[in-house]
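Student: Okay, handing you the structure first.
Rule-based calculations on the coordinates, nothing more; no lab input. This is a predicted model, so every value here is computed, not measured. Cβ placement follows ideal geometry from the backbone for every residue including glycine, while neighbour counts extend to all protein chains displayed.
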Amino acid sequence: MPSWPAQTKYISQSTPRVDAVAKVTGKARYSSDIQADGWLYGMILRSKWPAAKILEINLDKARQIPGIKAAVKVRDGEFNIRFYGEEIAAVAGTTKQACLDALRAIEVKAEPRQEFAVNENEARKDDAPQVWAGRPNASPGRPRERGNVDQAFGECAAVIEGFYSTPVQIHHPMETHGNTVSWTDEGVTAWSSTQGISSVRDGLAGTLQLDQSKVHVVTDFMGGGFGAKFGAGVEGVLAAQLSRQAKAPVRLMLTRFDQALAVGNRPSSFQKIKMGAKADGTLHAFDAENYGTAGIGAGGDAGGGGGGAALTMPYLYRVPNTRVKQSSVAVNAGSARAFRAPGNPPASYGMESAMDDLAVKLGMDPVEFRLKNDPVEIRRREFQIGAEKFGWKEKYQKPGSSPGFVKTGIGCAGAAWPAGGPSRQTQGEAQINPDGSVEFRLGVQDIGTGTKTVIAVVAAEMLGLKPEQITVKVGDTDFPPGPGSGGSTTCASISPTVYDICTKALQQLQTRAGIADARGENWFAACKKLGVTPLVVHGNWIEGLSSNPAYGVQFAEVAVDTETGLVTVKKIVAVHDCGLIIDTLTLESQVNGGIIMGMGYALYEERVMDDLSGVVLNPNFETYKLPGIADVPDIKVVLLNMPERGVIGIGEPATVPTAAAIANAVANAIGIRVSSLPITPAKVLAALGKVPAPNKET
Amino acid sequence: MKNPGPEKLGAHSRRTFLKSLGTAAVTAAAARAQSVAAELEKAGAEKTFGPGAVPVTLKVNGKTLKLKLEPRVTLLDALRNYSSLTGAKEGCDRAACGACTVLLDDLPVYSCQKLAIEAQGCEITTVEGLAKNGKLTKVQQAFWDEDALQCGYCTPGFIMSVTALLKKNPHPTADEVKHACAGNLCRCGTHPHILQAALQAAGVNATSKTEVIYA
């Protein structure tokens, strides 16, 4: 069985990102920076109606705009529009300004439908307009029961009931979705802003009816995805069609406005939870009903199901008697997509809120209550370590007992990322040159997580070189295939693969050079003996060097101004495990990032739609608030390094518990639960009875 | 903070442009752009440009760029799409994210909110113009050392904001760094490292708060 070296020089140390120089000098070319010879701009015309029947699209006038080289419809004939922002047609031209003019010149004959539903609480009613004709928007949901819930509630010493809701959150990577596509007789090349070069290649090949070998996808640098950038997308296919028609490469990047409408989001959740525990704090009964919307993605199947709105309930904790009923609600809005730890942040918010509410009712310390009911030994230790580092015992006060009008409070929550696990199909190769230079080529992509750096660190460790001596190339479908960057699986997929390549490379190099150990100081002498032919070594993911799942806990301290309702996060302590740490520095960045994204989910972020017009009201950064640098609290990251578990990913678990911990801290500060995210000043003031409550959602 | 004001920007600031429109333009508002231009010529107002492409001269990173641009082309668009300077990024195209931040005579501005013709006569610095002869500036080096970047798309904007701050105030406090970066967004959540890097570049030794426990 292979094993990681016990003594390491680079693994588990801090290695600065190997592609940082390109990024800090502006030399890094992202998909949106590609200037292929004779390239054109592409732009998409989107529906201004939330529901309509498109009868006819006339592109003639658009084609006559000076500079316009191509114009295509999304499809021929009549078709239905199901959300505001759905794609209708696209143009390509020599300037952005020409494209803007051309979009205005496209004539669309349509029958707008007055009947639509964008509010999940309205859409789930029996008489609601149907998003998919002939199918109910919401499935009735089938309850799953374990034990005897009704009887168990009678045996509880304390029971709470709560209704916890979370909003639709939008990914909003800084680089929008898009591609530069060149379609010639030789085939298609797409410089794609994607988390999955292989899935984009296969998607384009399938839709454009080309051999997969005729589609080449390149992603040298990409500006974030968070789960929303796996496929070629409608925009990728349109860019290809425009390129074909114009006989020129087309760069089609979405606008920030487009980004808010059509390329994914995290489903909402409305969680009715009843939970009871025995007098000693043992959870005993759990009864929950949850629904949420995944936009038009919910309801695409036989009715209501699908779309990813379902949650893992009762999430982390062991409850012997549980009953859970869930459904997805279709609405006239852009479909949900995977979003950093799909399903987990909302599940964490609902369950961890209920945990604190029940702890208060039982008169138990929330950390003690969790230790009593958490079945995972690693996470119980993390709760203990976190509580100590955070100063939980010293800081904890009874809910609402903080004096003054600015009240402080603390809260905690746990995470699990069970789905993870490596991609066993990962492959890669290294080319070792006679001059001792070495290049690794893997068909994965670095989405900002530090994939290239991980490859360099592992290779340097194994070959006895320095990370800067390793040239790393990723993001090209001509390289041996690797997985999409999702599910926090990349690190655990590539690290064992690089290990395997290095082991094989050393064996072959040592044989060819007749040297017993080619590592470190012998490296260059050994390589020289290759003569004129470089050594190319292929490797695969191997068993025994990676595992899953990952856990983690976070503690939050907040200040709540009871006059203005403003919540300020003062401190976060995050304790996470991800097996063997590869690079502490980039790992810390990812944990910080997860926390800050979770903070946005807790306090600021929500897609707001207008029930009457069916439009998204905040498709921009002025009104869809992301956390800024001044909002970011003091963050302390504690990492458990567990080499014996092998490599595990971290991207997703780090964002799971933040919102729940902050929400619990707010409840602890003011003594009242704000049971809906984001926790805006208006909701805080309403909870305090200082302003009327907004429309009650039932 | 981000607007150097019309005085610095030559004759084509928004204020003078709007003033020049006068009443003539009101009647022409609904008409085509060409007729607006014609009305203005007739009114004998200031010389107008466009709507066709006009010669524009920009001084970027010490070099002169001679371009032909429609007057409605922004500085960001001119840099990214009419030259090879793609370092400044487009994140929103409406003054909300700061990824397009460049320096105009040492002041950080959103290049998406500045017409290219307005930027004539200014010294424009983009992220590509910082490192000299391959040597990174202190700010760039600190961003590398402190891992003040993840996907890196917002990085050029943050680097320009921090660079502008340190030119004006070489020893900022943490709050002053936060203020200077208030107009820049990062979705990867790199902010703690950005703050650390800015202070590091200003000579304050930053220490990581991360603790690793072998368990």
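Student: Just rank A:His171, A:His576, fewest to most, by other beta-carbon atoms within 10 angstrom.
Tutor: Going from least to most buried by this count: A:His171, A:His576.
Student: What value in Å³ per residue do you get for the convex hull of the alpha-carbon atoms in segment B:64-215?
Tutor: 124
Student: Could you name the lysines whose alpha carbon sits less than 26 Å from that of B:Lys66, not counting residues in the same chain fewer than 8 places away?
Tutor: Within the straight-line limit of under 26 Å, B:Lys66 reaches these lysines: A:Lys27, A:Lys69, A:Lys96, B:Lys2, B:Lys8, B:Lys47, B:Lys89, B:Lys114, B:Lys132.
Student: While we're on this one: Sorted from largest down, give the three principal axis spans of the alpha carbons of segment A:598-660, whole angstrom values.
Tutor: Computed over the Cα atoms, the extents are 57, 25, 19 Å.
Student: Just to be sure I understand: if I project the alpha-carbon convex hull of segment B:138-201 onto a plane and average over all orientations, what area do I get in nm²? Please list the in-between numbers first.
Tutor: On the way: hull surface 14.0 nm².
Projected area, direction-averaged: 3.5 nm².
Student: Another question, then. With the contact rule set at Cα under 8 Å and sequence spacing of 6 or more, what percent relative contact order holds for chain A?
Tutor: 16
Student: Moving to a separate point now. For segment A:169-239, what percent of Cα pairs sit more than 20 Å apart?
Tutor: Roughly 21 percent, once rounded to a whole number.
Student: Right, something else. Can you compute the helix-only [θ] at 222 nm over chain A? Use -39500 (n - 2.57) per DSSP H run of at least 4 residues, normalise by all residues, nearest 500 deg cm²/dmol. Could you put the intermediate results ahead of the total?
Tutor: Working: 18 runs with 191 residues, N = 698.
Result for chain A, helices only: -8000 deg cm²/dmol.
Student: With each label point set 7 Å from Cα along the Cα-Cβ vector, what nm distance links A:Lys395 and A:Glu368?
Tutor: Placing both labels 7 Å along Cα→Cβ, they lie 2.0 nm apart.
Student: Rounded to whole Å, give me the distance from the Cα center of segment A:581-600 to that of segment A:532-575.
Tutor: With segment A:581-600 and segment A:532-575 each reduced to a Cα centre, they are spaced 5 Å.
Student: Give me the one-decimal nm value for the distance between modelled label points at B:Val204 and A:Thr312, 7 Å along each residue's Cα-to-Cβ direction.
Tutor: Once both label points are built, they end up 4.0 nm from each other.
Student: HN-Hα J couplings of segment B:100-106 from phi, Karplus 6.51/-1.76/1.60, θ = phi - 60°, integer Hz, Gly and Pro as x?
Tutor: These are the phi-based 3J(HN,Hα) values: 9, 4, 10, 9, 10, 6, 6 Hz.
Student: Could I ask something else about it? Cα centroid distance between segment B:53-71 and segment B:165-191, in Å?
Tutor: Computed from Cα coordinates, the inter-centre distance equals 30 Å.
Student: Using a simple charge model, +1 on the beta-carbon of Lys and Arg, -1 on the beta-carbon of Asp and Glu, nothing else, what dipole does the protein assembly as shown show about its Cα centre, in debye to the nearest 20?
Tutor: Dipole size: approximately 1120 debye.
Student: Read phi for every residue in segment A:578-595 and hand back ³J(HN,Hα) as whole Hz from Karplus 6.51 cos²θ - 1.76 cosθ + 1.60, θ = phi - 60°, with x for Gly and Pro.
Tutor: So the J values, rounded to whole Hz, are 8, x, 6, 6, 8, 10, 4, 5, 6, 5, 4, 4, 5, 5, 3, x, x, 5.
Student: Moving on. Sorting A:Ile11, A:Ile494 on the 10 Å Cβ count, fewest up front, what's the list?
Tutor: A:Ile11, A:Ile494
Student: Can you tell me the Rg and Dmax of the protein assembly as shown, counting just the alpha carbons, in angstroms?
Tutor: Cα-based Rg and Dmax for the protein assembly as shown come out at 28.3, 89 Å.
Student: From Cα pairs below 8 angstrom and at least 6 apart in sequence, can you work out the relative contact order of segment A:209-343, rounded to a whole percent?
Tutor: In percent, rounded to a whole number, it is 26.
Student: Which value in nm describes the separation of the simple spin-label points at B:Lys138 and A:Lys109, placed 7 Å from the Cα toward the beta carbon?
Tutor: 6.8
Student: Per residue of segment A:668-682, in order, report the coupling 6.51 cos²θ - 1.76 cosθ + 1.60 (Karplus, θ = phi - 60°) as ³J(HN,Hα) in whole Hz, putting x for Gly and Pro.
Tutor: Each residue's phi maps through the Karplus curve to give 5, 5, 9, x, 9, 7, 8, 9, 8, 8, x, 7, 7, x, 4 Hz.
Student: Take B:His171, A:His172 and order them by how many other Cβ atoms sit within 10 Å, fewest up front.
Tutor: B:His171, A:His172
Student: List the residues, sorted by chain then number, that are 5 or more residues from A:Leu45 or on another chain and whose placed amide H is less than 5 Å from its amide H.
Tutor: Counting only residues 5 or more places away or on other chains, the set is A:Ile88, A:Ala89, A:Ala90, A:Val91.
Student: Right, next: What aspartates and glutamates does B:Lys138 reach when the alpha-carbon gap must be under 16 Å and sequence neighbours fewer than 8 apart in one chain are set aside?
Tutor: Qualifying aspartates and glutamates at Cα under 16 Å: B:Glu128, B:Glu146, B:Asp147.
Student: Rg and Dmax of segment A:612-698, Cα atoms, in Å?
Tutor: According to the Cα coordinates of segment A:612-698, Rg and Dmax are 18.1, 57 Å.
Student: Something else: Using a 10 Å cut-off around each Cβ of peptide A:637-646, what is the average number of partner chain Cβ atoms that fall inside?
Tutor: 3
Student: Another question about this same structure. If all Cα-Cα distances of segment A:360-470 are sorted into 10 Å bins from 0 onward, what percent lands in each bin, rounded to whole numbers?
Tutor: So the P(r) values, bin by bin, are 10, 26, 18, 18, 17, 10, 3, 0.
Student: Measuring from a point 7 Å past the Cα of A:Glu56 along Cα-to-C-beta, which residues in segment A:74-110 have an amide N at less than 11 Å?
Tutor: Inside the label zone: A:108-110.
Student: What residues qualify as long-range amide H neighbours of A:Val118, i.e. H under 5 Å apart, gap of 5 or more or another chain, H built at 1.01 Å from N?
Tutor: A:Asn332
Student: Can you give me the Cα centroid spacing of segment A:130-199 and segment A:442-496 in angstrom?
Tutor: 29
Student: Right, here's the next one. Between A:Gln326 and residues 5 or more places away or on another chain, which pairs have amide H atoms under 5 Å apart, with H built 1.01 Å from N, and which residues are they?
Tutor: Sorted by chain and number, the residues that satisfy this are A:Arg142, A:Asn290.
Student: Follow-up question, since we're still on this one. Rg/Rh for segment A:271-385: what does it come to with C-alpha atoms and Rh from Kirkwood?
Tutor: In segment A:271-385, Rg relative to Rh is 1.05.
Student: How long are the three semi-axes of the equivalent ellipsoid of segment A:212-335, in whole Å, if each is the root of 5 times an eigenvalue of the C-alpha gyration tensor, listed from largest down?
Tutor: 43, 16, 12
Student: Subtract the Cα-Cα distance of A:Glu644 and A:Asp76 from 0.36 nm times their separation in residues, and report this length gain in nm to one decimal.
Tutor: Contour length minus Cα-Cα distance gives 198.7 nm.
Student: List the equivalent ellipsoid semi-axes of segment A:6-86 in whole Å, largest first, each obtained as the square root of 5λ for an eigenvalue λ of the Cα gyration tensor.
Tutor: Details: eigenvalues 423, 92, 18 Å².
Largest first, segment A:6-86 gives 46, 21, 10 Å.
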